[in-house]
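The structure appears below as C-alpha cells.
The values are calculated or read from the model by the stated rules, or taken from the named source; none is laboratory data. Everything numeric here is computed off the predicted structure, so don't read it as measured data. FYI the Cβ positions are ideal-geometry reconstructions off the backbone, even for glycines, and counts take in every protein chain you see. Just so you know, the surface numbers come from the protein's heavy atoms only, side chains and all, with ligands and any DNA or RNA stripped out. Shrake-Rupley method; radii C 1.70, N 1.55, O 1.52, S 1.80 Å.
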Amino acid sequence: MFRLVAASDAIRGVVPDAVVPVFGLLTVLGSAKFLMMALSLAYWNDQPRRRELLTVVAVAFVAVSVTLALKYWFGLPRPPASVRRVAADPSPVGFPSGHTIAATTVYGGALVALDRYRDPKLLAGAGTLVALVGLSRVVIGVHYLGDVLAGFAVGLVMVGVVAVALDRGPSAVFALAVVCAIPAVVLTTVPGDAALAGGGSVGGLAGSLWRTRAERFRSRVERAAVTVGGVAFVGAAIAVVETVEPLVVPAAVANAALVFGVVSLPSLVGRFDGLGSAAAAD
C-alpha cells in the first residue's frame, strides 16, 4: 500500500505515449553517469569552490551506498515489465528510487554547498528539476510513486549531510562513504552496484588524500586542456568499468581509478608550463 500502486497507474494513464520520450530524457538528469560528469565539470572548473563541490561528490557516494543498502535490504520489486514504457534493464529492486535520491542529493546539495539555497528562484528551479526526475521514473514505468517519495525523503537527509559535511572536509566524508559501502557491498547482489559503492568510495578517499594542490588556471588553453582531458578520461574509464562489470574485483578497481582520477585532476593545474603562456584566464 505504501508504494502507491494505484496512484502510479493513474499517473501513467494520464501521460500520453507521445510525451513519454520527454520523460525518458528527464530521467537521465538523475542518472549516475550524467551526475558524475556534471559534478566533475563543475568541480574542475569552479576554482574558488572546488572544496565545497568535492564535498558534494563525497556525499553523493554516501548516497550511493545508502541507496543500495536500502534497496537490497527491502528487496521490493519494480513494477512489472508490462507497464514499462521505455527500453530499460534496471536492477531488480525498486524501493526507494535511486534516481530520485541522487537528484535530490546533488542538485539540493549543490545549492547548500554553494550557499545559494536562500535564492527562491534557484530553490524552486532545483525543486522542480528533482520533482520531474522523480515523476519521470513513475511515467516510464520503472518505479512506483511510493518509491519516489521515499527517495525524496532519503535525498533530503543527504542534503542535510552536505550541510554538516562542509565543515568536515571531503576526505572525512569519503571516509564515511567507505564505511557506508560495507553494508551496501554485503547486501547488493549486482556486481556492478557493489563495485561502484566500494571501489568509488575508496578511490575518492585516496584522491582526496593525495591531492597536493589545485592552483588557478593560468590560461584558457590550460583550462580547456584539463577539462577535455578529464572528459576523455572519464569516458574511457566508464567504458572500462562497463566492460569488466560482471567481475566484482576488476570493476571495483576500475571504479576506484575513475573516481581517483576525477578527484585528483585539479592537481595537474599549473604543472604544464607550455599551457600557461596563452591569454590569461578569466
Among Ala150, Val259, Pro48, the residue whose Cα sits farthest towards the positive end of the charge dipole of the chain, when +1 is placed on the Cβ of each Lys and Arg and -1 on the Cβ of each Asp and Glu, is Pro48
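List the longest stretch of the chain that has no exposed loop site; here a site is one of the trypsin sites (Lys or Arg not before Pro) assigned by DSSP to anything other than H, G, I, E or B, with at most 13 other Cβ within 10 Å. Intermediate values should be presented prior to the final figure.
Working: sites that count: Arg116, Arg118, Arg213, Arg216, Arg271.
For trypsin sites (Lys or Arg not before Pro) (loop position, at most 13 other Cβ atoms within 10 Å), the longest site-free span of the chain is 1-115.
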Which residues qualify? For Gly169, with a placed amide H closer than 5 Å and at least 5 residues away or on another chain, they are none
Mean separation of Cα contacts under 8 Å (at least 6 apart) over the residue count of region 64-207, i.e. the relative contact order in percent, is 32 percent
Taking r as the C-beta separation of Asp115 and Ala153 and R0 as 35 Å, the FRET efficiency to the nearest 0.05 is 0.90
The helix 248-264 Cα axis meets the longest alpha-carbon principal axis of the chain at an angle in degrees, between 0 and 90 and rounded to 10, of 50 degrees
With the 1.4 Å probe rolled over protein heavy atoms, the chain has an accessible area per residue in Å² of 45 Å²
Relative to the chain, whose Cα atoms define the longest principal axis, helix 50-74 and its Cα axis are tilted in degrees, nearest 10, by 30 degrees
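Report the per residue volume, in Å³, of the convex hull enclosing the C-alpha atoms of the chain.
Details: hull volume 38.3 nm³, N = 282.
Considering the Cα atoms of the chain, their hull volume per residue is 136 Å³.
So how strong a dipole does the chain carry about its Cα centre when Lys and Arg Cβ are +1 and Asp and Glu Cβ are -1, to the nearest 20 debye? Please list the in-between numbers first.
On the way: 22 positive and 16 negative charges, 68 e Å.
Using Cβ point charges on Lys, Arg, Asp and Glu, the chain gives about 320 debye.
For region 1-112, what is the charge dipole size about the Cα centre, in debye to the nearest 20, if Lys and Arg each add +1 at the Cβ and Asp and Glu each add -1 at the Cβ? Display every interim value, and only then the final one.
Numbers: 10 positive and 5 negative charges, 25 e Å.
Roughly 120 debye for region 1-112.
Sorting check: for 124-136, 103-115, which peptide has the highest mean count of neighbouring beta carbons within 10 Å, and how do the rest follow? Intermediate values should be presented prior to the final figure.
Details: 124-136: 18.8, 103-115: 24.2.
Ranking the peptides 124-136, 103-115 by packing returns 103-115, 124-136.
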Measuring from the longest principal axis of the C-alpha atoms of the chain, the long axis of helix 170-187 (C-alpha) lies at a number of degrees, nearest 10, equal to 40 degrees
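With a cut-off of 8 Å between alpha carbons and a minimum separation of six or more residues, what is the relative contact order of the chain in percent? Could the numbers behind the result be given before it?
Working: 458 pairs, mean separation 64.2, N = 282.
Once divided by the residue count of the chain, the mean separation gives 23 percent.
Which three semi-axes in whole Å describe the equivalent ellipsoid of region 1-140, each the square root of 5 times a Cα gyration tensor eigenvalue, listed largest first?
On the way: eigenvalues 164, 61, 36 Å².
That gives 29, 17, 13 Å for the three semi-axes.
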